[in-house]
Amino acid sequence: MGNSGNQLCKTRRLPLLKKMKAPFDKTKPFSQRMALSVMSRYTPAQVRWHYEHGLVMQSIFILGEKNGNEDWLGWVKGMYDTKVKDSGTIEDYQEEEYNLDMINAGKTLFLLLKKYGEEKYRKAIENLMNQLRNHPRTKSNGLWHKKIYPWQMWLDGLYMAGPFHAQYGAQFGDDGDLQDAVYQFVLMESKARDKETGLLYHGWDESRKQLWANPNTGCSPHFWGRALGWYCMALLDTLDFIADNKQKEALVSIAQSLVTPLLKFQDKKSGLWYQILDRHSCQGNYTESSATSMFVYFLLKMIRLGLISKIYTPAVKEAALFSYQGLIKEKIKEDENGELHLTGICKVAGLGGNPYRNGSYEYYLSEPIVTDDFKGVGPFILASMEAEALV
C-alpha cells in the first residue's frame, strides 16, 4: 500500500491559500481546519494518481461543496488536471497492472465531471472502468486485489473499487455493474467473516498457497483495523448508488452486522480502536487513528442513513462521538502556525509481496507509525463532517 501521504505534508504553502484571510482560524470546525492544513502543505508538483491522494482530494471537494467554497473545488480540480489529459489518459496509471488501488482516485472524477462538465473526466472514468471489465478474478468471480497478488481478495480492495463501480453502474452502466459491485462485498464477507468475533480478516486467498493463508479457510491470521475500516466505509459509500431493494438489503445487512462487533472491541477508556482489533492487552498494540476515523465515519453515517434501530441509535451515537472526541484529544496536534496534524497512523500494511509480509501479529506491529498520512487524514475529514452535521 502507498506511503506517501505523510511525506507530501512537508512542503511550501500554495499561493491560493495565502490569499485566504484566516485559514487556521481556531473557531472553524475540525473538518475545515484539517482540510486547510492539508492544502497549505500540498502542491500540484507532488500529486500522484494514487488511492490515498484521491481519498484526501475527494474529502476536500465534498467539504468544499458543502461549504460553497469555490477555491477549494478549484484546488482539487487543479490537482487532477496535472494528471488527467484531454484525451482522458491518466499520467502514472497503467491498466495492465490490474491494481484495484488505482481505481479509488477515480471517484473524484465523477464530482469534477458534474461540476465542470469537461469531457476528459468522462473519458478517464471509462478508462478506469475498462480495467474493471478486464480485471482478473478468482474462480468465485471476485476481483483480485492486484495482478501481483493472484487469487487474493483484501478488504482494502472493496473500498478502492466498490463505490466507483457502483457509481459507474448507476450513471453510465447497467444493472449488471451494480450487481457485480454488490456481489464483491457479499463474497468477501462470506469468506472473511470470523463467526466468533463477527470481525472480518484482512485477506482471503482462494488458492490457499500464500504462507499467510489458513489452509482451511484461506484467510489471513488477524483483524487489521484499517482493513476493516476500508470495508466499512466502502459499504456505505456504495449504498449511495444502489436503488434495487434486494441489492441494498444485502449491503445493509452486512453493515448492520458489523456494528455490534465494532462496539465490542472499542477501547472503553479512550474510545479509540486498536491496530489489531481484538488484541487490546497484547504487547505493542496501539490505538490507531486511521481505523478509528473510518469507524467513526461508518457509525455516524449509519445513523444519518437511518440504518441503526431507533432503540440502539443513542448508544451507537454516544460511542461514535466518544471516539471522535478521543481522536481530537489524543491524536490531533496543533503546531505553532495553528495547523493541525493527525498522529498515530499506521504507515502501511499488506500481505505477501517482497519482502514477504506474513500477516503475523508481530508484522502488523512492526510497521512505522506516522503523522499526517493521507490514509488517516482523509477519513478524519469525512468523520468530522459527519460529527459536525449532528450539531
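The values are calculated or read from the model by the stated rules, or taken from the named source; none is laboratory data. None of these values were measured; they are calculated from a predicted model. So basically every Cβ, Gly included, is an ideal-geometry build from the backbone, and we count neighbours across all protein chains shown.
Matching residues to (1) of a type in the set (A, V, I, L, M); (2) in a helix (DSSP H, G or I):
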site	(1), (2)
102	yes, yes
110	no, yes
121	no, yes
124	yes, yes
130	no, yes
153	yes, no
Does residue 332 meet the test of being in contact with a His (Cβ under 9 Å, 6 or more places away or on another chain), surrounded by 14 or more Cβ atoms within 10 Å (Cβ to Cβ) and of a type outside the set (D, E, K, R)? yes
Any chance residue 177 is touching a His at 6+ places or on another chain (Cβ under 9 Å), among the acidic types (Asp, Glu) and in a loop (DSSP other than H, G, I, E, B): no
Within segment 349-370, restricting attention to residues that are under 18 Å from residue 280 (Cα atoms) and of a type in the set (A, V, I, L, M, F, W, C), which residue is surrounded by the most Cβ atoms within 10 Å (Cβ to Cβ)? 365
Out of everything in segment 277-286 that is out of contact with any Phe, Trp or Tyr (no Cβ under 6 Å at 6 or more places or on another chain) and in contact (Cβ under 8 Å) with a residue 24 or more places away in the chain, what residue ends up being nearest to residue 196 (Cα to Cα)? 279
In segment 204-257, how many are among the charged types (D, E, K, R), in contact (Cβ under 8 Å) with a residue 40 or more places away in the chain and under 27 Å from residue 378 (Cβ atoms)? 3
Give 230, 204 a once-over and let me know the one that is farther than 18 Å from residue 360 by Cβ, in contact with a helix residue (DSSP H, G or I) (Cβ under 6 Å, 6 or more places away or on another chain), buried (at least 24 other Cβ atoms within 10 Å of the Cβ) and hydrophobic (A, V, I, L, M, F, W, C). 230
Quick check on my filter: what residues within segment 70-86 are over 16 Å from residue 55 (Cα atoms), touching a residue at least 12 places away in the same chain (Cβ under 8 Å), not in a loop (DSSP other than H, G, I, E, B) and not small (Gly, Ala, Ser)? 71, 84
Considering segment 92-116, residues that are farther than 17 Å from residue 61 by Cβ and of a type in the set (S, T, N, Q), and then whichever is surrounded by the fewest Cβ atoms within 10 Å (Cβ to Cβ), we arrive at 94
Go through segment 117-139 residue by residue and tally those that are more than 24 Å from residue 176 (Cβ to Cβ) and either under 21 Å from the mean Cα position of the chain (by Cα) or surrounded by fewer than 14 Cβ atoms within 10 Å (Cβ to Cβ) (or both). 2
When residues of segment 279-316 are limited to those that are surrounded by fewer than 14 Cβ atoms within 10 Å (Cβ to Cβ), hydrophobic (A, V, I, L, M, F, W, C) and farther than 13 Å from residue 263 by Cβ, the one nearest to the chain's Cα centre (by Cα): 305
Set 240, 267: member being surrounded by fewer than 20 Cβ atoms within 10 Å (Cβ to Cβ) and out of contact with any strand residue (DSSP E or B) (no Cβ under 8 Å at 6 or more places or on another chain): 240
Residue among 319, 349 that is within 23 Å of residue 48 (Cα to Cα), under 21 Å from the mean Cα position of the chain (by Cα), of a type outside the set (Ser, Thr, Tyr) and modelled with pLDDT of 95 or more: 349
Counting only residues that are touching a residue at least 40 places away in the same chain (Cβ under 8 Å), of a type in the set (D, E, K, R) and either in contact with an Asp or Glu (Cβ under 9 Å, 6 or more places away or on another chain) or not in a helix (DSSP H, G or I) (or both), segment 26-69 contains a total of 5
Can you name the condition, by its number, that residue 325 falls short on among (1) surrounded by fewer than 24 Cβ atoms within 10 Å (Cβ to Cβ); (2) touching a His at 6+ places or on another chain (Cβ under 9 Å); (3) of a type outside the set (Ser, Thr, Tyr)? (2)
Would you point out the residue of segment 74-98, among those that are touching a Phe, Trp or Tyr at 6+ places or on another chain (Cβ under 6 Å) and among the hydrophobic types (A, V, I, L, M, F, W, C), that is nearest to residue 120 (Cα to Cα)? 90
Where residue 337 falls short, out of the listed (1) surrounded by fewer than 21 Cβ atoms within 10 Å (Cβ to Cβ); (2) modelled with pLDDT of 95 or more; (3) in a loop (DSSP other than H, G, I, E, B): (2)
Residues that are more than 23 Å from residue 171 (Cα to Cα) and small (Gly, Ala, Ser), drawn from segment 111-146: 140
